[in-house]
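Laboratory data are not the source of any read-out in this text; all were calculated from the coordinates shown. It should be emphasised that the depicted structure is a prediction, and the values quoted were computed from it without experimental measurement. Cβ sites come from the backbone with ideal geometry, for glycine too, and all protein chains shown count toward neighbours.
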Amino acid sequence: MRAAILTELRAPLTVADLTMPELGVGQVLVKVEYAAICGAQLGEIAGAKGPDKYLPHLLGHEGVGDVLAVGAGVRTKAIGDRVILHWRPSEGIAAQGAVYDWNGTKVNSGPMTCFSTETIVSENRLTRMPAGIDPRVAPLYGCAFTTAYGVVVNDAKIKPGDRVIVFGFGGVGMAVAEMAYNAGAYVVGMDRVPGKVRGLWGQEWNGTEDGFDVAIDITGASDVIETAYRVTHKTGRVVLVGVPRHDDPIQIDSLPLHFGKQLIGSQGGWCVPHEDIPRIADMEGFDDSEWWITHEFHLDEINTALDLVRSGQPGRVLVRMDS
């Protein structure tokens, strides 16, 4: 297998050939077709959570591929299944991450990684892909779409007529805005990159004199989170989706939290992939690859792809694994 390896923080990934171990209990071997780059990978490479004790290790947490083999105990997946790879746990065994060999060096991985031509995945990080999904869009069901669904339904509990502002308009932010709009909200998208600010989505609306009902932050930046908190009205809901740096704390006036305002931390919207992916697949607006995928690169070009994502310019960037 060929894979992109994080060997040290704040450095380019190394693309190299690895030797796979035998499958263990609850593990599934998947041939990866596409993976998409999420902002979480940028944070991981940059050491946003602090020192990384698992180096060197593999990356990637939304992808699509085909099952090549299954380990002992696997019951929900079978050879030949077309599957979506996701980081949130779902049905099946929670297996340990595989350890690969790189010319005598151990390379770690978590329960699911997908910046590689093949990958060993925990059974509970795979969901059979519903029929009719464009394979180029399918990786987004592994994080962007399911996170957006969970944020709107579980965290923000958005209802028709809610005034919603989304900070950070990359792949996840776009999906959150689309989900909120489908739920009947009035939506504004904000981004630091010129040209990515989106106007009001929804019907006629008279303004935000008393603040937004819901503010959703995708960026994880402390100053943006503080702004989101300020522009939400006194009984509004602020949902934090982006993970902040360990050394970038927020400063807020907590008094409003005692009188109805809510500050909610989200973990992927607490979605349940094997339940939520089929629901999203039945929705309109989530299967147009020309809208969601703005750039595509080969695995060997992954550092160029990562630099583009860092620029903040694109939507979702796709990495293909074929030659």
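Computed quantities for the displayed model
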item: Charged-residue dipole, Cβ positions (Lys, Arg, Asp, Glu), the chain about Cα centre, Debye nearest 20; result: 540
item: Pairwise Lys count, the chain - Cα closer than 19 Å, eight or more residues apart or different chains; result: 7
item: Size of charge dipole - region 51-104 - debye, nearest 20, with Cβ of Lys, Arg +1 and Asp, Glu -1, no other charges; result: 140
item: Other-chain or far-sequence residues with amide H under 5 Å of Ile264's (modelled H); result: Val238, Val239, Leu240
item: Helix-derived mean residue ellipticity, 222 nm - over the chain, DSSP H n ≥ 4, -39500 (n - 2.57), to 500; result: -5000 deg cm²/dmol
item: Sequence-distant residues sharing a close amide H with Glu118 (under 5 Å, placed H); result: Arg2, Val32
item: Antiparallel bridges, percent of DSSP beta bridges restricted to the chain (to nearest 5); result: 60
item: Residue among Met112, Met283, Met190 with the largest mean-square fluctuation in a Gaussian network model of the chain, springs linking Cα atoms under 10 Å; result: Met283
item: The chain: translational diffusion in µm²/s, Stokes-Einstein, Kirkwood Rh over Cα pairs, 25 °C, 0.890 mPa s; result: 122
item: Three-way shape label, region 1-155, alpha-carbon gyration tensor, a/c 1.5; result: oblate
item: Convex hull volume per residue in cubic angstrom - Cα atoms of region 89-176; result: 150
item: Choice from Ala180, Ala95, Ala36 showing the highest fluctuation, given a GNM over the chain with Cα pairs closer than 10 Å; result: Ala95
item: Dipole axis of the chain (+1 Lys, Arg; -1 Asp, Glu on Cβ), positive-most option in Gly189, Ala48, Met112; result: Ala48
item: Mean projected area in nm² (Cα convex hull; one quarter of hull surface) for region 144-268; result: 7.4
item: Mean Cβ neighbour count within 10 Å, used as a protection proxy, ranking 132-138, 67-73, 316-322 highest first; result: 316-322, 132-138, 67-73
item: Span-rule helices in the chain, defined as complete DSSP H runs reaching 15 Å or more along the axis (Cα) with Kyte mean at least -0.5; result: 171-182
item: Asp162 long-range amide H proximity, modeled H, under 5 Å; result: Tyr186
